[in-house]
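K.L.:
Before I ask anything, let me first share the structure, which is written out below as structure tokens.
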Amino acid sequence: MIQEKQKFDLQLLSRAFEENLSLISFNTNHKVIFVNDNFSKALGYTKEEMIGMDHAMLCFPDFASSADYQDFWNKLLGGNRFQDKVKRKDKLGHAVWLEATYMPIFDETHSHVIGVLKVATNISQREQRIKQFTDSLKDTAADLHEQAQAGNHQTKALNKEITNVERFSNENAETLATLQQEIKQINGVVEIIRDISEQTHILAINAGIEGARSGESGRSFIVIAKEMQKLSDQVHQSIKKVEEQTRLIIANVNQIADRSGNLQHNAKVSHETMEVATQVFDKIGQAAELLNDQAKALNKLLNP
């Protein structure tokens with residue numbers, strides 16, 4: 001009864017392996033001596049076509065002709081197990097990715113390797129999805145790099161505009177300082193004119209008095225008249241100075257107006273540049289979010 005149960009369990013176990021795993025075994029000469037339907041179908045062969053095939057025929061030439069390939073078989077026949085993701089070649093020459101475990105088969109004394117059993121799972125679809133995700137990540141990274149360069153360019157442009165605004169502001173500050181100095185000079189001239197006006201007023205009074213006495217002393221009236229002429233000349237010169245200072249002020253005011261216009265223009269350009277820079281960095285943020293989502297998806301794919 002126990003033997004029948006053990007036999008029954010082994011039959012069920014063997015059937016479960018046969019139905020769910022890809023199985024193939026090789027002799028010590030690397031020739032196929034057994035293969036199940038799952039494995040042969042995964043590579044596009046029938047079981048009959050694969051019997052007797054050399055293992056190297058299932059590998060791409062760059063691996064089959066390499067020192068790593070010889071080392072691979074030497075370790076297997078030396079009694080070492082191998083487990084890894086491997087790329088194999090199907091009947092049409094296309095790549096098939098397998099999650100494979102190679103297990104040495106020992107004789108009854110467990111002292112000699114008489115063959116190798118390979119248990120595999122076809123992971124080609126998973127690898128294709130990983131490749132698609134990887135390509136998408138590369139594209140996203142490239143887009144992120146491009147947007148970062150654009151953002152850097154806009155930042156430099158914005159910095160340039162801000163420098164222009166600062167330069168115009170400094171120039172306007174210097175112009176305003178000049179205007180203040182001109183105003184002080186005008187105030188000085190105005191004070192001179194005020195003094196002259198007062199003196200002229202006094203002289204005029206004196207001239208009137210002396211004029212009344214012209215019969216007695218005409219000479220004094222003449223002196224007063226000359227003094228008044230001198231004062232008149234001083235007033236005239238002061239007026240010319242005022243006119244000159246006024247023209248300078250008007251010119252400086254116009255200059256400030258022009259620079260203010262430039263300042264407003266640069267401020268507008270700076271604002272527009274800032275908006276463009278903001279949009280660029282928004283795109284960078286979106287690309288970063290997409291990259292994060294793709295990374296999570298890839299992690300989920302690799303760790304289901």
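The values are calculated or read from the model by the stated rules, or taken from the named source; none is laboratory data. Since we're looking at a predicted model, the values are computed, not measured. All Cβ positions, glycine included, derive from the backbone under ideal geometry; neighbour counts span all protein chains shown.
K.L.:
For Leu98, work out the one condition from (1) surrounded by 13 or more Cβ atoms within 10 Å (Cβ to Cβ); (2) part of a helix (DSSP H, G or I) it doesn't fulfil.
P.N.:
Looking at each condition in turn, Leu98 falls short on (2).
K.L.:
Restricting attention to the stretch 43-69, which residues are in a helix (DSSP H, G or I) and either of a type outside the set (Gly, Ala, Ser) or closer than 14 Å to Lys118 by Cα (or both)? First the steps, then the outcome.
P.N.:
Looking only at the stretch 43-69, we keep the residues that are in a helix (DSSP H, G or I), and these are 47-50, 55-58, 61-64, 67-69.
Lys47, Glu48, Glu49, Met50, His55, Met57, Leu58, Pro61, Asp62, Phe63, Asp68, Tyr69 - these are the residues of the stretch 43-69 that are in a helix (DSSP H, G or I) and either of a type outside the set (Gly, Ala, Ser) or closer than 14 Å to Lys118 by Cα (or both).
K.L.:
Could we say that Thr109 is assigned by TED's automatic domain parsing to the domain that holds Val32 and either loosely packed, with under 12 Cβ neighbours inside 10 Å or at pLDDT below 95 (or both) here? Full working, then the answer.
P.N.:
On the way: assigned by TED's automatic domain parsing to the domain that holds Val32: yes; either loosely packed, with under 12 Cβ neighbours inside 10 Å or at pLDDT below 95 (or both): yes.
Spelling it out, Thr109 is indeed assigned by TED's automatic domain parsing to the domain that holds Val32 and either loosely packed, with under 12 Cβ neighbours inside 10 Å or at pLDDT below 95 (or both).
K.L.:
Here is a follow-up. From Lys75, Lys118, which residue is assigned to a helix (DSSP H, G or I) and surrounded by 14 or more Cβ atoms within 10 Å (Cβ to Cβ)?
P.N.:
Values: Lys118 fails: assigned to a helix (DSSP H, G or I).
Every option except Lys75 fails the conditions.
K.L.:
While we're on this one: Mind checking which pairs have a first residue in the stretch 24-44 that is within 15 Å of Ala100 (Cα to Cα) and a second that is charged (D, E, K, R) and assigned to a loop (DSSP other than H, G, I, E, B), Cβ under 8 Å, 6 or more apart or different chains?
P.N.:
Ala42/Asp90; Leu43/Asp90; Leu43/Lys91
K.L.:
Name the residue that is surrounded by the most Cβ atoms within 10 Å (Cβ to Cβ), counting only residues in the stretch 21-42 that are assigned to a helix (DSSP H, G or I) and not aromatic (Phe, Trp, Tyr). Talk me through it step by step, then tell me what you get.
P.N.:
Start the filter on the stretch 21-42 by keeping residues that are assigned to a helix (DSSP H, G or I), which leaves 37-42.
Then keep just the ones that are not aromatic (Phe, Trp, Tyr); that gives 37-38, 40-42.
Working: Asp37: 13, Asn38: 18, Ser40: 21, Lys41: 14, Ala42: 18.
Applying the filter and picking the extreme gives Ser40.
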